[in-house]
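Rule-based calculations on the coordinates, nothing more; no lab input. Quantities reported herein were computed from a predicted structural model and do not represent experimental measurements. Ideal geometry is used to build each Cβ from the backbone, glycine not excepted, and the neighbour counts take in all protein chains shown.
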Amino acid sequence: MKLLYLAALCCLGSTSALAQTDEQVEAILQQMTLNEKIAVIHAQSKFSSAGVPRLGIPTFWTDDGPHGVRPDVLWDEWEQAGCTNDSCVAFPALTCLAASWNTDVARRYGQALGEEARYRGKDMLLGPGVNINRTPLNGRNFEYMGEDPYLAGALCVPYIEGLQSQGVSACVKHFALNNDEENRHTVNVVVGDRALREIYLPAFESAVKQGHTWGVMGAYNLYHNQHNCHNEWLLCSLLKGEWAFDGVLVSDWGGTHDTEEAVRNGLDMEFGSWTDGLTMGATNAYDRYYLAEPYKQMLRDGRYTEQELDEKVRRVLRLFLRTTLREGRPAGSMCSDEHYEVARQVAHEGIVLLRNERGKDTQALLPIDESNLHRMAAQHGRERARVLVVGENAIKMMTVGGGSSSLKVQHEVSPLSGLQERLRDVADVAYERGYVGDVTGDYNGVSTGQDLTDSRRAEQLVADAVRQAADADVVVFVGGLNKSDFQDCEGHDRKDYGLPYGQDSVIVALAATGTPVVVVNISGNAVAMPWADRVGAIVQAWYLGSEAGTAIASVLTGDVNPSGHLPFTWFAELTDVPAHLMQAYPGTWRESEQIIDEQYTEGIYVGYRWADLSKSRRAEVLRAVGSTAKATAAQPLYAFGHGLSYTAFRLSGARAQSNRTSDGTMTFYVTVTNTGSRSGAETVQLYVHDVQSSVPRPEKELKAFAKVHLDAGESREVALSIDRRALSYWDEQAGEWTAEPGRFEAQIGTASDNISARVPFILE
Ligand code: BGC
């Protein structure tokens, strides 16, 4: 039987690869029976769909995603399969990749992940996630790439290319408007077209048009009162129409709700319906899937011809030709030295130094390198320095938990062991717990084997830490969030902006000892830091995966010079976040339909686009949307794009290739000089401001960036290019992108609040 299919492939004599693929698709399609067609458009197990055995087309395997290949589950259960060969390398979660602002690193990340997926026999990796960070309470922000559509788009493209170079399909998720987790199945997002086009869709658009992703995953929530896994406008008009997406639209697991809508509105592969754990219902129910027997019955009843079915099957076959049927597909590799190296590199590039103050002796607290530690020890008349590490996140495994992205790793270096290993020859490293958070060691059946129980009462834990801190040269507090429910975890949002488990009081008590304190915050979200100006240094360390401890130690000791920049605005208070200020979260219950309407009242003013506005402009926006909230001049604790280094950089000589453009394309140049005494990397960020506009525009919008590595004293000129789209806004009346002629300004700097040059130009 296999011969039938092979014969079909052999008699092709087409010109372009695309035409050839289309011919191959038609040749296979013609040989498929109705049952075979139905079989390939829905799941046959938790993570696989059937191929066409009669034609030699193998089973198609998907797996999460997005920062490591998930361990195998049983065929029909969420339970672990208990394999002993599915431990992976955990790469840093995607907020860290976004914070790296490094497209080369993103490509290497995607490729390494693709190699791991291939080795494990997976054909589609369920990622990357590119939903916009609209509220820091969103439990899944750690899986996404921050608040800026351009940054998320620019980094997901090389990740997708790297992944797909291995013959493994990406599945960009969750399309679209899945910006919070609470009530994710029943939230109907109400958002204006401008915000939709300018903020929430561009990263998906880049993934499709530039990244050429072969898969997109529909989101659980609703838009225009229709579930997004079969949303007519999103999938048919936009994704497959306007954007000409030629891949498959996969449902999120349990995100399909209606056969007719699924048939008509662009769903190509249905997964996870009636799977225990996500939606209630019978197990082993694959024949009952909306796109299985119920669809077949409608075909038999003549409600549909095979036209819609063939359109879905064509897309699925194209996916097979790109993956399972691809000749010479790489075999992949797992847990290789190179993969650990990639994991370390992403972490090195993404860790963000938020604060690094100088002490009385004018020496910055970080890095705690050999000379700094010797100096600290000498001040106390000691030979060896004493470093006290405090906090549960210094010892807790963080590659598990968080929901579907939970991993089973071959190894994970904790921050405590990373520091102990690195400082072995120069300092005594002691540990104190400080607080007890969540001691669970079991996530989705993966057991960490850690026993984190501690019977001391909270006051005792603080007192013990304080006693040791008073006698130390430096305290490294490693805390933050974790991946337990209601933290950085799928299914729910955080309940509070503040740190959990009483960590604020621990930090304040440690700082009160007078010993310098470094706070290493592990999270995928901003948190309130009411103690920020009481500690010497703050490092944002994300979920860094297998090499977490090694990477953190490298940055703290200065072996690696930090170069990450925030991919979101770090608001001081939750009420400074526009969605919360305007009470536009989590929405209003619509009793009759059991739906929650969530109005994105803040429109385009998400993150820095809001923080950049003056108090009077904020008041105008509030008035325009009918909000009674009071405008304040509150500035973020740390701005979008912020990130410090152990060296210093200067930008100079910013210029444009010309001060006019007729088609909107422009190139700008700026020289970056490392004026400090050690090598490091700086990210030059280019924002566009429309000076003369008929509609309100943000003060600035990121449209280009470049990361440059420079030795001490070295200079380099960087070129940054933009196109017409970078000057455009979405015209709601005309329904199109519009770049209005007139005056513009390129703002070039190293953070959204650190602009060193403004270059005016004119669009003719
Ligand atoms: C998540 C997806 C994930 C899928 C499969 C869903 O609950 O929303 O992101 O890929 O499960 O595990």
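The figures follow:
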{"item": "Cα-based Rg / Dmax (Å) for region 68-172", "result": "14.3, 41"}
{"item": "Two-decimal Rg to Rh for region 287-326 - Kirkwood Rh, Cα set", "result": "1.11"}
{"item": "Helix-only [θ]222 nm of the chain, DSSP H runs n ≥ 4, -39500 (n - 2.57) each, per residue, nearest 500", "result": "-7500 deg cm²/dmol"}
{"item": "For region 64-77, 3J(HN,Hα) per residue [Karplus equation, 6.51 cos²θ - 1.76 cosθ + 1.60, θ = phi - 60°, Hz, x = Gly/Pro]", "result": "5, x, x, 10, x, 8, 4, x, 6, 9, 5, 3, 10, 9"}
{"item": "Region 139-183-region 191-219 distance, computed between alpha-carbon centres (Å)", "result": "10 Å"}
{"item": "Whole-Hz couplings from phi, Karplus 6.51/-1.76/1.60, listed for region 687-703; x for Gly and Pro", "result": "10, 10, 10, 8, 6, 10, 9, 7, 10, x, 10, x, 5, 7, 9, 5, 10"}
{"item": "Stokes-Einstein translational diffusion, region 311-467 - Kirkwood Rh over all Cα pairs, 0.692 mPa s, 37 °C, in µm²/s", "result": "163 µm²/s"}
{"item": "Spread of Cα-to-Cα distances over 10 Å intervals beginning at zero, given as percent, for region 280-358", "result": "13, 19, 20, 19, 17, 10, 2, 1"}
{"item": "Radius ratio Rg over Rh of region 624-690, counting only Cα atoms, Kirkwood formula for Rh", "result": "1.13"}
{"item": "Debye-sum result for region 104-249 in log10 I(q)/I(0), which assumes one identical scatterer on each alpha carbon, at q = 0.12, 0.13, 0.15, 0.17 Å⁻¹", "result": "-0.45, -0.53, -0.71, -0.90"}
{"item": "Cα point-scatterer Debye curve for region 378-528, base-10 log of I(q)/I(0) at q = 0.10, 0.14, 0.15, 0.21 Å⁻¹", "result": "-0.37, -0.70, -0.80, -1.37"}
{"item": "Region 331-394 pair-distance distribution - Cα-Cα, 10 Å bins, rounded %", "result": "16, 30, 29, 17, 6, 1"}
{"item": "The chain: relative contact order as a whole-number percent, Cα under 8 Å and 6+ apart", "result": "14 percent"}
{"item": "Long-range amide H partners of residue 172 with built H, under 5 Å", "result": "215, 216, 217"}
{"item": "Relative exposure of 421, 161, 699, judged by other C-beta atoms within 10 Å (fewest first)", "result": "421, 699, 161"}
{"item": "Cα-based shape type of region 407-496, given that a ≥ b ≥ c are square roots of the gyration tensor eigenvalues and the cut on a/c is 1.5", "result": "oblate"}
{"item": "Intensity falloff of region 556-676 expressed as log10 I(q)/I(0), Debye formula with alpha-carbon point scatterers, at q = 0.12, 0.15, 0.20 Å⁻¹", "result": "-0.72, -0.91, -1.07"}
{"item": "Taking all pairs of distinct alpha-carbon atoms in region 681-726, Kirkwood radius in angstrom", "result": "12.6 Å"}
{"item": "Relative contact order (percent, whole number), region 574-622, Cα cutoff 8 Å, 6+ residue spacing", "result": "32 percent"}
{"item": "Using alpha-carbon coordinates, inclination of helix 458-470 to the longest axis of the chain, degrees", "result": "50 degrees"}
{"item": "Burial ranking of peptide ranges 246-256, 356-366, 651-661, 566-576 (average Cβ count within 10 Å, highest at the top)", "result": "246-256, 566-576, 651-661, 356-366"}
{"item": "Region 633-638 - phi-based ³J(HN,Hα) in whole Hz, Karplus 6.51/-1.76/1.60, Gly and Pro as x", "result": "9, 3, 9, x, 5, 9"}
{"item": "Calculated over the chain: convex hull of Cα atoms, volume per residue (Å³)", "result": "169 Å³"}
{"item": "Estimated Rh, region 348-426: Kirkwood, alpha-carbon pairs, angstrom", "result": "15.3 Å"}
{"item": "With Cα atoms, 0 to 90° folded angle of helix 548-557 axis to the chain main axis", "result": "30 degrees"}
{"item": "Rounded, prolate or oblate (a/c below 1.5 giving rounded, otherwise prolate when a/b exceeds b/c) for region 224-331 by Cα gyration tensor", "result": "rounded"}
